[in-house]
Each structure stands twice: as C-alpha cells, then as structure tokens.
Amino acid sequence: RNGLASLLRLHVIGRWLFTIHAFQQNVCFCLHANIPIGIFIGMNDSVTSKAERTRRYIIERVAPVFNKKGYAATSMSDLIAATGLSKGSIYGNFKNKDEVALAAFEFNADFINDCLKERIRAAQSQQQKLLAYVQTFQAIHREVMANGGCPILNTAVDSSELNFLLQKAVQYRIGGWQ
C-alpha cells in the first residue's frame, strides 16, 4: 500500500470525515458534506517518515480535545486517552504541551480556513465569494460544533494569559481576515 492509503485511513477514523470521491494513481478527490474540500496527491511511505505519521496522528487525535477542554484544562492523561499512546511517545514527537497545543490549534484553524479557501477559489463573482463564507459555515458547522466550536474564539479566550505562543497564533489568524 502507498502512504496515501494510510493517510486516508487515519483521516477516516480520526477527526476528518472524508468521502473518497475518486482514487486513481495516488490522487484522491475528497468531499465533506458533499462539498469538494481537497485533492490529495499520494506519496510513498518511504517519503513520509514514521515520526511524521505519528506526529500527524497525535495532532489529529488531540485537536478536538484541546478545542473542547481548553489549554489549561487539557491534561497529559487526556492526551494519552485520545491517542492511545504513552507519555513518552507524545513527548518524543513534541517538546512540551505548548507545542502540542499550538499544533492542535493550527490543525483546527486550518480545517476551517482550507474549507473556506476552496469555496472562495471556486466562486466566479464577488457575490459568490461573499456567499462562500455563509455556505462554508453552513456546510461545516456540525463538525465544528462537535469538535468544541470555533477554535479561534475558543483559543483566544483560553490562551489570553496562559500561553503566549497560542495568543500570537490567534492574533495572526485574526489579522489574516483583513
């Protein structure tokens, strides 16, 4: 099997709920709620290291936990429960809880941003681009709410005094809206 098949299996059982629309020669067109959200170009397992796959797995599994519970309330026990990995396995891939939390935030925020960008790119007119915002959030709101709500709002409130890196990441995301 190639690396893409493994990656898609992780996404199907993880946070992402993709429907495979077509799969041919390492190219996969994916739909979410019947909306095209991406094309994945496969790569061989030899290109993606085990460490990269493990890191990606950890991020996918802990992202909803951080978003639901918040940075301060998420414990190492929560991360172990979400991943099924040991503390050593998690810290073997991340320096500390701050790094895990930042990667989880970026993963959650990227999901919304990527869905939105795809809709905007497909829009033909300015009116369609404006409507893309509403349509995107209509399409993904159930998944976003099931994973704790808006990651930008949640992290902005939660990290305001606790984690400087998360606070800066939120400011960067909000600044990108201009």
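The values are calculated or read from the model by the stated rules, or taken from the named source; none is laboratory data. Computed from a predicted structure; not experimentally measured. Glycine gets a Cβ as well: all are built from the backbone with ideal geometry, and neighbour counts include every protein chain shown. Just so you know, the surface numbers come from the protein's heavy atoms only, side chains and all, with ligands and any DNA or RNA stripped out. Shrake-Rupley method; radii C 1.70, N 1.55, O 1.52, S 1.80 Å.
Here's a check for you: in the range 135-178, which residue that is outside any helix (DSSP H, G or I) and farther than 21 Å from E60 by Cα is modelled with the highest pLDDT?
This residue is G176.
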Any chance the range 156-172 includes a residue that's among the acidic types (D, E) and under 13 Å from the mean Cα position of the chain (by Cα)?
no
Inter-residue pairs, beta-carbon under 7 Å, first under 26 Å from I59 (Cα atoms) and modelled with pLDDT under 95 and in the range 111-134, second open to solvent by 70 Å² or more (accessible area, probe 1.4 Å) and of a type in the set (F, W, Y), 6+ apart
L116/Y133
Members of the range 137-149 that are aliphatic (A, V, I, L, M) and open to solvent by 90 Å² or more (accessible area, probe 1.4 Å)
M145
Lone qualifier among I174, I152 - being crowded, with 17+ Cβ neighbours inside 10 Å and among the β-branched types (V, I, T):
I152
